Amino acid sequence: MPEISRDEVAHLADLARIDLDDAELDHLAPQLAVILESVASIRGVAGDDVPPTSHPIPMTNVFREDVVVPGLTAEQALAGAPESEEQRFKVPRILGDEQ
Amino acid sequence: MSDLTRKTAAELADLLAAGETSSVELTRAHLDRIAAIDGSDGSGEGADDGVHAFLHVDADGALAQARASDERRAAGSAAHALDGVPVAVKDVLATDGLPTTCGSRILEGWVPPYDATVVRRLKDAGLPILGKTNMDEFAMGSSTEHSAYGPTRNPWDRTRIPGGSGGGSAAAVAAFEAPLAIGTDTGGSIRQPGAVTGTVGMKPTYGGVSRYGLVALANSLDQAGPVTRTVLDAALLHELIGGHDPLDSTSVDRPVPALVDAARQGAGGDLAGVRIGVITELAGDGWQPGVMTRFQESVDALVGAGAEVVEVSCPSFVHALATYYLILPAEASSNLAKFDAMRYGLRVVPEAAGNGAPPSAEEVMKATRDAGFGDEVKRRIILGTYALSSGYYDAYYGQAQKVRTLISRDFAAAFEKVDVLLSPTAPTTAFPIGEKVDDPLAMYLNDLATIPANLAGVPGISVPSGLADEDGLPGRRPGARPGARRRPVLPGGSGARGAAHREVGRPSCWRRPRS
């Protein structure tokens, strides 16, 4: 596995929407490099003929009856919201100035 | 200490059935015990040297449930054998009206508007819920030190870790604060805390217990299960919470096996005809001598009880740790994307930019996730993001999925020869708080022996086998890793425990001297 650089960790944190500061990057980047080096031992262990397992119990298309059941009320669903207004979640702006 | 807190759940159920105690009396006894030794006042901060097994104690709710239980008993309409026996629940399961934090600041103060299916079944059966137990943040860890609300302390030695992630549930049961607890196990989070606290921890077969309302760490690995002081209690609790749930599409639609019968049968100590395989790969360098000594004694005791014991090689298990630390972060990074500061939980609004524009949703998200997640969660999210990124996906995540197949094949091959697989649960006894908290790789090694069962979806149980000579701590208990659903899981576990009884006298957790 290629060495993971501080810049790469910063980029991954950005993709994962975590605003790491410099001190955190200094702390986490070397730790991640060590972990990645360790898990890299997995390369080449399984041949091309081995099928992947994504789930321990093979199952597909689990259906249920299409019936109406009670759900949460709007009040319940909004009870934990940081901000709400008129029975809706109120969120910060999602578009930039140019949009 | 009240005698009631020393009894097993099965004994308490008998006392209730005989009218010799009431649910209110024994619920109060456990609440008193919590008040005396847990050192938490419900604020979620463990400021003193208490056990700190609980993040939230719900005394009023538990007593109300206990009163209702006593009324049912009086009317001759108990809902279940365990009706009225109190239980503690790991803080990763949603509880209607009771805070659920997952040990994280990002969910501080969040109160779910619904119950997890496991919690619903506990309530329907009449078990008063004492409170929510401490855990590593989002179940990421092996020591409970990654809880944002401070570590849980091992009741055997409060300078040491109680295991993790479910250290709170294990410590609560070990310290007689609760006769029963619910844990969850993604890579060993029920079994490894069981090992280092002298309790019984059972990870059911994947799909055996509903995951609805369990805040997911890794969907393909997570399972809720019982944390108890005896194998019989584990069977009682497992039967209660197990079984198909239409709300969890991965829950297995078939009857729960007769676990209680199996446990009672195994307690007889006759293991004639049971074939046990000791896993060759889970021994050697890195395994504490005292752990291996007690383990070998357990193996000898099983032979003495009539079991046929052979060595079994599972060659792919040496890759289990690397496999797990690619698959788990990949799933976790995806799961934890839901903590976005928009609909529930913490919202941190950063200062406005220089141009005076209010922060965008994305900026709020990033500031919130930085403030709300601890280091271990950040490490794993970033690791998972890496493993899933294009260019690395096939080499790492894809490869891990293939090795997962090889590990499942090792189990399948082993179960052609034996009924149950056996290994120590964890390589060492409880280590001092702080020793490994900033050395992630050293921490990950705790789950070396427990991870393969999660990858393959097979059940596993950790039962006490005594105290290590060098430090007098529990943790050398054999982790029986039984195979497919049809295998006699509990006779093996129960027999191992019965055998351990004879070797070391009283169950080790009952000797717990402190507090």
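Annotations for the structure displayed:
- Here the contact order of region B:183-235, divided by its residue count and restricted to Cα pairs under 8 Å and six or more residues apart, works out to 43 percent.
- Gyration tensor verdict on the protein assembly as shown (Cα atoms; rounded if a/c is under 1.5, prolate if a/b is larger than b/c, oblate otherwise): oblate
- Under 16 Å, Cα to Cα: Lys pairs in the protein assembly as shown, sequence gap 8 or more or different chains: 7
- DSSP beta bridge pairing in the protein assembly as shown, given as percent antiparallel to the nearest 5: 65
- Sorted fewest first by neighbouring Cβ atoms within 10 angstrom, B:294, B:158, B:264 come out as B:264, B:158, B:294.
- Exposure proxy shown here: for B:278, B:349, B:364, the number of other Cβ atoms within 10 Å sets the order, fewest to most, as B:349, B:278, B:364.
- Summary value for chain B: 17 percent relative contact order, contacts being C-alpha pairs under 8 angstrom separated by 6+ residues.
- Cut-off under 5 Å, modelled amide H: who pairs with residue B:281 long-range: B:314
- Taking a sphere under 13 Å around the Cβ of residue B:363 and counting the other residues whose Cβ falls inside, with K and R at +1 and D and E at -1, yields a net charge of -1.
- Rounded to the nearest whole Hz, the Karplus-based 3J(HN,Hα) values (6.51 cos²θ - 1.76 cosθ + 1.60, θ = phi - 60°) of region B:89-105 follow the sequence 10, 4, 6, 9, 9, 5, 10, 4, x, 10, x, 9, 10, 6, x, 10, 5, with x at glycine and proline.
- Each stretch of four or more DSSP H residues adds -39500 (n - 2.57); spread over every residue of chain B, this sum gives -11000 deg cm²/dmol at 222 nm.
- In terms of surrounding Cβ atoms within a 10 Å radius of their Cβ, A:59, B:292 rank from fewest to most as A:59, B:292.
- Listed residues A:54, A:41, A:84, most fluctuating in chain A (Gaussian network, C-alpha, under 10 Å): A:84
Readers should treat all values here as calculations from the given coordinates under stated rules, not as data from a laboratory. Worth saying up front: this structure is predicted, and the values here are computed from it rather than measured. Counting neighbours? That spans all protein chains shown, and the Cβs are built from the backbone with ideal geometry, glycine included.
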